[in-house]
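What follows draws every value from the coordinates through simple rules; no lab data is involved. What you see is a predicted model; the values in this text were computed from it and never measured. Quick reminder, even Gly has a Cβ in these numbers, built from the backbone with ideal geometry, and neighbours come from all protein chains shown.
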Amino acid sequence: MHRKLLSFVLFQLLILSTTSLPAQRGLTEVPDPDPEKEQASFQVADGFEVNLFAAEPMIAKPTQMNWDTQGRLWVSTSETYPHVKPGEDANDKVMVLEDTDHDGVADKSTVFADGLLLPTAILPGDGGVYVANSTELLHLKDNDGDGKADETRIVLSGFGTEDTHHIIHTLKRVPDGDIYFNQSIYTHSHVETPYGVKRLLAGGTWKFDAKTLELDVYSRGLVNPWGLVFDPWGQTFETDGAGGQGLNYVFPDTVMFTAANAERTVTGLSPGQPKHCGLELLTGDHLPKGWSGLYVTNDFRGNRVNSFELSESGSGYIARQTDNLLTSNYVSFRPIDILMGPDGGIYVADWYNPIIQHGEVDFRDERRDHEHGRIWRIVPKDYKPESITLPAEAEIGTLVDQLCSDQKWYRDQARYELSTRKPEHVFLILDEEAVDTQEPWNEAQLKLSGLWLAEDWNLPEEIQKRLPKLLTYDNPQMEKSANVRAAAVRIAGAHPEFEDWMDWMKAAIEDPHAQVRLEAVHALRHAGTLEAIRLAATAVREDNDRFLEFSLWQTFRETEPVWLKSFLADPNSMSSNPNTLLTIANAARSAEVVDPVLKLWQDGKIPADKTSAVLNLVAERGNTAHLQQLWKISQQPDPPHSQAILNTLVNAAERRKIKPEVSEDDLLALIKSENAQVQILGCRLAGLWKVVASRSALKTLANTETQPRSLRKTALQSLAQLGGPDSRDYLLSIAKGEQLKALQVDGIEALASMNLNLAVQAAVETLSQTDSAAEVNAILNPLLSTKQGPNLLTRALQDAHWNADVATAAVRMASSLPQQNPALVSAIRKAGSLEAMKAELTPAEMQELVSEITSQGNVHRGEEIYRREKLLCMKCHAIGGAGGKVGPDLSSIGASAPVDYLVESLLVPSKKIKEGYHAVQVVTIDGIVLAGVPILENQDEIHIRDAEGKVNVVPVEDIELKKNSTVSLMPADLVGKLRRDELVDLVRFISALGKTGELVVSKQQYVRTWEVLNPGDNVKAINDAIRHNGIEHAATDDPLLPWTATYSQVDGSLALQPLAWMGNIAAKNLQFARFELNVIQAGRIGLKIDDPTGLRIWVDQTEVEVQPEIAVELSTGTHRVTVASESQARGMKPIRIELIEVEGSNGQAALVNY
């Protein structure tokens, strides 16, 4: 037996068997449930202290908590979660906790209701309490005053319950009295109301008026949104328990990631941040300096409470992570909700459970805790709360005063309590106080509260009376005046019946603040008249306001029948702003919009920097006449945008199979161009357009060894597209290695697209003649990505003999196909003489391996193994937002997943697949098979991210079959070639990610996504290109410089050892890396370099003086930073660069991660 195969088999025999895993594996990780021991693990931020407010037996398994106006904490609890056992009755509860002696510890616990099934949300109000109970929204009431519910009313029903941690949750009352609540991705709700059936498919936020029973969808998307809070001006923010974008700004009709049938989505404020649960805005003068105004949310996987600072940016916000409020290494500490209380304390609901995975870990796993749960209270050190009248006990005058409290808790509860009093009494005192107050902030809060209460009471005359002053509110002493106006516009938008409505909207759309204009766009969209849409089109003032631009796109998309005729007659009748014109055109489904936009571009009325947007529009919807115009422009002497135009023609041919009329000579001129990139585009067009006369020129390119491989490969692919016996025979000779040996793999791929059977035979023969597994993926992928390929390969392997390493790599590919093919796997094993091996461990083997990982594993060696290119970890998974998006971000996986689960995920990746990462398989009408994670799907097309990270866009009309796959995109047996000690180190590293210490992704904005100059086999040519053109040539856009993506280590540093050297450049040996910045607001942008020794830096193509901290004036948009490291001066010291704020600068930027 081959030595490598023998060692591999012995390794597997040592650890693998067919027995399934028991529930008790890895029990050494389950900590003592003693609250004192858990509390001892807490590290609380400076200036704070923490105490236990309530624990079992008073409380167990809290799912959400909310206060009433009496200062009592209502808690929904579920000991049943995640699933009721067969034959058992659910007995989940609503608990009421009270601190009657005001010592910061609950001393009274009442079971208000029991017999519930998975209650996931709670909100006191309307004489009782609202409870989200699986498929229903209930209202429970105590009529006889004994503290227990004796009346149950089903308020709404029909909410989806496909997944028990995705059912409706997070009940919150917003300032105008409506109740908002969320549901998650795997839930599909069809709710009957007095106003018709309301539907929300997948995740989103509901808006509910309890007085009228009106139910509407407020926003759509997010994976598992379990946090929701509003700011003092009514703007809404959410967190996502299974996303990875930190805080999300959610406004009316927002469409976020995962929304059903989404055509376009808005991203969150903090991409790359942990998954979060719960959300609260900290307020109060009693808090330690710097904490009031921060948003706190729970990284429940990482056993910590994060904080974020928001700052306004255009119509929206940007977020910056700040210090953790609370950190623990106690694996069972699972903070899932967070609220401030009437005493100024911060209350944290602790689900308390060593297991938090839902579908990934068995529902009956005995490590799941069903008995414990805590509420922790965090307060400033030595804090003595003031004695303040609780809202339920207060007179109207006191409640009005509380509307101006520095604590949000009192403002919100006072507003709700006022809503239960008589309007005429409330307005009398409130309006008098609004006039008398000398504090601008108080004035704004009082006037807004008056408007919100009028809306809550549905008093049109009061609303109409209060709106004008608030819509024009501008107090020089109040920096948030614009936020007041924005809040007023949102209320006004709901009342188009008012006589002055259009005048109000005209004023709002001219407002200098973008958020006011954003709110006006929402209102105008719902009005839906041509006048309203034309008015909305004037909202844009600056580039790069993504929220406003999205809302405009959505407005134009939904109202196309209203404005299309007018736009076609005269685009300027809608807008003269180039950005808005392009937004309008991109929103249209009609192809008719292309003609006026293309004419404006040709006339120079659309700036050159918008060319790519114009050309994308033509590629997606232009007709042959439009393409003809572009081709004509590209044929002019020294045409601007020539390559961009050629790319447009390629995209139109690939996606829509249309082309202009082109002479053979003109196309051949492209193929023979001196510009290699133009040659590549010319080759692609020759194949797509079936220009048979190009065959000879294509062969010449493929045969010329001095040409770049990318160009020669493109020539082969185009020859295949031309078809015919000549192309077939030529490609077959290359595929069989009879000529152009360096292109053999590319020849097989090209041949597969025109004669799959011949390509399969050539592939089998080629792999029979090699001992190296290096090219297995490249050879087999084009065969296995077809409908018939797997079966043809199975037959061709009957008499084949492959090297064991080759066969092992092939088994790995075959086992990861979206459609399982046991016959193919068996044929490959037979060809490689591989013994069939099972990947599941016996209980004893698992316990032994887990023990070895925890006691002997080394995180530093494990990180090196994780970063190995052959393991593909970084290609599929991100850490801190940087890395592949095919699999989950692993930033906090170690703090959330048991070690045995991690082992099983590596050995049997398809056994448990993380929510949101289930693959789909698509078969096109051409027989091409695509598999990947769907990232966008609507009535026109589906976007699928494959295992390589490439996003494939498939028109719905081209799909023959689409179905969900039960196979993980993570290759089976991926870690099979690792030695046991390497597997131990790898799992030790993964299991430490997100725990306290050096493997926690820090709050600093370190550069984590890089591209590095990687010439591969073409070292001399690339080295000469830089040497002859100067070091600065690396900072140019030369398309022949081969850059490949790589990622920083967990600590944010880029290791230099793997980077390629460019030698003897100005007598120096250099390594090159680069990254991108997205400048949101123009100004000075700062970078901090840990150690600048031996570095040179270019921003775009301008070199800057390197210092420990540098600041560069940058315009909005994407900018590239290129770094050269000189070995003699720097050696192998890693590079770590941080994006920082520049004092006194208005500039705002974000690092680009992918």
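Odds and ends about this structure:
- Dipole of the chain computed with +1 at Lys/Arg Cβ and -1 at Asp/Glu Cβ about the Cα centre; of Leu649, Gly344, Val84, farthest Cα towards the positive end is Leu649.
- Eligible aspartates and glutamates near Lys632 by straight Cα distance, threshold 18 Å, same-chain separation 8 or greater: Asp595, Asp603, Glu661, Glu664, Asp665, Asp666
- Positive-end residue of Met970, Ser991, Ala587, charge dipole of the chain with Cβ unit charges: Met970
- Correct option for semi-axes √(5λ) of the Cα gyration tensor in Å [calculated from the coordinates] among (i) 52, 38, 28; (ii) 55, 33, 28; (iii) 58, 42, 26: (i)
- Between segment 772-795 and segment 625-649, the alpha-carbon centres lie 38 Å apart.
- In the chain, the calculated helix contribution to ellipticity at 222 nm averages -10000 deg cm²/dmol per residue, counting -39,500 (n - 2.57) for every DSSP H run with n ≥ 4.
- Cα-Cα over 19 Å, subset of Lys211/Lys408; Lys875/Lys950; Lys657/Lys690; Lys787/Lys962; Lys93/Lys275: Lys211/Lys408; Lys93/Lys275
- Treating r as the C-beta distance of His188 and Asn791 and R0 as 45 Å, the FRET efficiency rounds to 0.80.
- Subset of Lys885/Lys995; Lys713/Lys741; Lys480/Lys506 violating a 19 Å alpha-carbon distance limit: Lys885/Lys995; Lys480/Lys506
- Prolate/oblate/rounded label for segment 1078-1154 (Cα gyration tensor, a/c 1.5): prolate
- Likely footprinting exposure, Tyr218, Tyr352, fewest C-beta neighbours within 10 Å first: Tyr218, Tyr352
- Sorting 633-640, 490-497 by average packing, meaning the other beta carbons within 10 Å per residue, from highest down gives 490-497, 633-640.
- Cα centroid separation, segment 373-446 to segment 715-756: 77 Å.
- Cβ-derived FRET efficiency at R0 56 Å, His943 paired with Thr1093, nearest 0.05: 0.80
- For Lys37, a cut-off of 18 angstrom between C-alpha atoms picks up these aspartates and glutamates, skipping any fewer than 8 places away in its own chain: Glu29, Glu49, Glu56, Asp350, Asp369, Glu371.
- What the Cβ-Cβ distance of Glu1141 and Asp503 gives, at R0 = 35 Å and to the nearest 0.05, is a FRET efficiency of 0.30.
- Within a straight-line Cα-Cα reach of under 12 Å, Lys914 can be paired with the following aspartates and glutamates, leaving aside sequence neighbours fewer than 8 residues apart in one chain: Glu360, Asp889.
- Whole-number percent relative contact order across the chain, with pairs defined as alpha carbons under 8 Å at least 6 apart: 8
- As a proxy for reagent exposure, ranking Arg709, Arg557, Arg220 by other Cβ atoms within 10 Å from fewest up yields Arg709, Arg557, Arg220.
- Spherically averaged projected area of the convex hull of Cα atoms, segment 756-837: 4.5 nm².
- Each of Ile658, Ile167 has some number of other Cβ atoms within 10 Å of its Cβ, and from fewest to most they run Ile658, Ile167.
- For the pair segment 182-213 / segment 73-130, the C-alpha centres are spaced 23 Å from each other.
- Cα gyration tensor shape for segment 31-380, rounded if a/c is under 1.5, else prolate or oblate: rounded
- Shape category assigned to segment 809-894 from the gyration tensor of Cα positions, a/c cut at 1.5: oblate
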